[in-house]
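J.: Provided herewith is a single structure, encoded as structure tokens, for subsequent inquiry.
The values are calculated or read from the model by the stated rules, or taken from the named source; none is laboratory data. Not measured: the values here are computed from a predicted model. Virtual Cβ from ideal backbone geometry, glycine too; neighbours counted across all protein chains shown.
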Amino acid sequence: MTDAIVIGAGPAGSAAAIGLARAGAKVQLIERTRETGDALCGGFLSWQTLARLEALGIDSAALGGQRVTCVRLFAGRRSSETRLPEAALGVSRHRLDSVLQDAAMAAGAGLERGVHATGIADGGVQTRDGAVLDAPAIFLAAGKHGFRGFPREPAAWQREDPVMGLRLRLPAHPALDRLVGEAVELHLFDRGYAGLVRQEDGSGNLCLAVHKSRLDEAGGEPAALLRMLGDALPQLGERLGFADWSYSVDAIGHVPYGWRTADAAPGLFRLGDQAGVIPSLAGEGMGLAVASAEAAVAAWRRGGGDAAPDYQRGLAARMARPFALANLIWRLGENPRSAPAITAAASLFPSLVRSASRTTRIRGS
């Protein structure tokens, strides 16, 4: 009999499968895609996340990512650069997901691809082909995609002007290496921001969180919006000079940044973005994925499926402070009146940046 079903083989689901299998559980990991892609979200692994991956047996050197030692801010004509508290890593989701999936199977978890879960009812997972998969514990790790029966409501101000996620990969180039180096960059602008980090192959992962109204001003075309931003923001425009516009801009709509939940039924553990969606500016999306998996496995080991509600409440409590600070910085950063002041303060008081970097990490259970 299967002890646990994990829905989604991204970082949260694969990390949970590793921990469960090592605890002796018979685990079935199901994934709707037939091949490991390169998800839009993620790419930055903090020092804390790297430590959690090490505890799972994932050597950071084996990931082969780009070392990240500082954060660089741009707002209008102002800029700042601050060393991070500890070194982080830039790595593609394709690489990260592949390594974690391999580790899950090596630990003894089963991985079945092409299984599209559509709902959860009566302790079972319903699939698109009409099957029902039963297990006493279900771990929901479906990422940023909505899951039927589990609404994630954004804050009121986001409902009025929803937030979109965009991603463009910048091909590897020696000049891009020199520009970005070992930094994670945040380019702040009206109603959004762009984050850029280099990854294991030297390419640049450029991700944006932008309100729909800003995209509408570009005719609803993500590439047109990026060109507009590049014209208005010289530093971002310099980096976009390396873009290969023959590739499409990846997009995901209506991301409920700042949402989190404390609700869960016995037997159901909600992980990663199905437990809470931290504003991506904090660079803690992958941190939340791995931290929630670690906490859920620890709770399951203590009390089985009945431990799920206590786990969810505890995780929600630990998310409160990082989410609050990340939300505040995000709102100030996407406001053209306050963004330059934030950047100036970061330049004058680098300890504030390091403190914020620490405070927006998710604590362990």
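J.: What pairs come out if I take residues in the stretch 309-324 that are under 11 Å from SER365 (Cα atoms) and among the hydroxyl-bearing types (Ser, Thr, Tyr) and pair them with residues that are modelled with pLDDT of 95 or more and not in a helix (DSSP H, G or I) whose C-beta lies under 7 Å away, six or more apart or interchain?
T.: TYR311/PHE269
J.: Collect the residues in the stretch 76-100 that are buried (at least 18 other Cβ atoms within 10 Å of the Cβ) and touching a Gly at 6+ places or on another chain (Cβ under 9 Å), keeping them in residue-number order.
T.: Passing the criteria: ALA88, LEU89, GLY90, VAL91, SER92, ARG93, ARG95, LEU96, ASP97, LEU100.
J.: Which one of the conditions (1) surrounded by fewer than 16 Cβ atoms within 10 Å (Cβ to Cβ); (2) under 24 Å from the mean Cα position of the chain (by Cα) does ASP231 fail to meet, given that it meets all the rest?
T.: (2)
J.: Out of VAL197, VAL163, report the one residue that is at pLDDT 95 or above and crowded, with 20+ Cβ neighbours inside 10 Å.
T.: VAL197
J.: Is it the case that GLY57 is part of a loop (DSSP other than H, G, I, E, B) and either free of Cβ contacts under 8 Å to residues at least 12 places away in the same chain or surrounded by fewer than 16 Cβ atoms within 10 Å (Cβ to Cβ) (or both)?
T.: When the stated conditions are applied, GLY57 passes them.
J.: Residues of the stretch 90-127 being part of a helix (DSSP H, G or I), of a type in the set (D, E, K, R) and touching a residue at least 24 places away in the same chain (Cβ under 8 Å), which ones?
T.: ARG93, ARG95, ASP97
J.: Let me ask something else. Could you run through the stretch 240-283 and say how many residues are more than 16 Å from PRO162 (Cβ to Cβ) and either touching a His at 6+ places or on another chain (Cβ under 6 Å) or among the hydrophobic types (A, V, I, L, M, F, W, C) (or both)?
T.: Matching residues across the stretch 240-283 total 15.
J.: Is the stretch 22-29 home to any residue that is over 29 Å from ARG239 (Cβ atoms), assigned to a helix (DSSP H, G or I) and either modelled with pLDDT of 95 or more or within 18 Å of the chain's Cα centre (by Cα) (or both)?
T.: Looking through the stretch 22-29, at least one residue is over 29 Å from ARG239 (Cβ atoms), assigned to a helix (DSSP H, G or I) and either modelled with pLDDT of 95 or more or within 18 Å of the chain's Cα centre (by Cα) (or both).
J.: Scan LEU133, LEU73 and give me the residue that is assigned to a strand (DSSP E or B), touching a residue at least 60 places away in the same chain (Cβ under 8 Å) and surrounded by fewer than 21 Cβ atoms within 10 Å (Cβ to Cβ).
T.: Only one candidate passes the filter, namely LEU133.
J.: Shifting gears a bit: I'm trying to understand the selection: among the residues of the stretch 117-130, which are loosely packed, with under 13 Cβ neighbours inside 10 Å and not aliphatic (A, V, I, L, M)?
T.: Within the stretch 117-130, ASP122, ARG128, ASP129, GLY130 meet the criteria.
J.: If ALA265 satisfies all but one of (1) buried (at least 16 other Cβ atoms within 10 Å of the Cβ); (2) more than 24 Å from PHE74 (Cβ to Cβ), what's the number of the condition it fails?
T.: For ALA265, the failing item is (1).
J.: Name the residue, out of ASP273, ASP244, ASP263, that is assigned to a loop (DSSP other than H, G, I, E, B), within 30 Å of GLY123 (Cβ to Cβ) and not small (Gly, Ala, Ser).
T.: Step by step, each of ASP273, ASP244, ASP263 is checked, and only ASP263 is assigned to a loop (DSSP other than H, G, I, E, B), within 30 Å of GLY123 (Cβ to Cβ) and not small (Gly, Ala, Ser).
J.: Determine, yes or no, whether ASP231 is within 25 Å of SER79 (Cα to Cα), free of Cβ contacts under 8 Å to residues at least 60 places away in the same chain and out of contact with any strand residue (DSSP E or B) (no Cβ under 6 Å at 6 or more places or on another chain).
T.: So ASP231 fits the description; yes.
J.: Would you call GLY13 among the small types (Gly, Ala, Ser), touching a Gly at 6+ places or on another chain (Cβ under 9 Å), crowded, with 18+ Cβ neighbours inside 10 Å and at pLDDT below 95?
T.: no
J.: Tell me the residue from ALA339, ALA316, ALA296, ALA291 that is farther than 21 Å from CYS207 by Cα, buried (at least 16 other Cβ atoms within 10 Å of the Cβ) and in contact with a Phe, Trp or Tyr (Cβ under 8 Å, 6 or more places away or on another chain), please.
T.: ALA296
J.: Using beta carbons and a limit of 9 Å, which pairs, at least six apart or on different chains, have the first residue in the stretch 242-266 and free of Cβ contacts under 8 Å to residues at least 40 places away in the same chain and the second one of a type outside the set (A, V, I, L, M, F, W, C)?
T.: Short answer, once both residue conditions are applied: TRP245/ARG227; SER248/PRO222.
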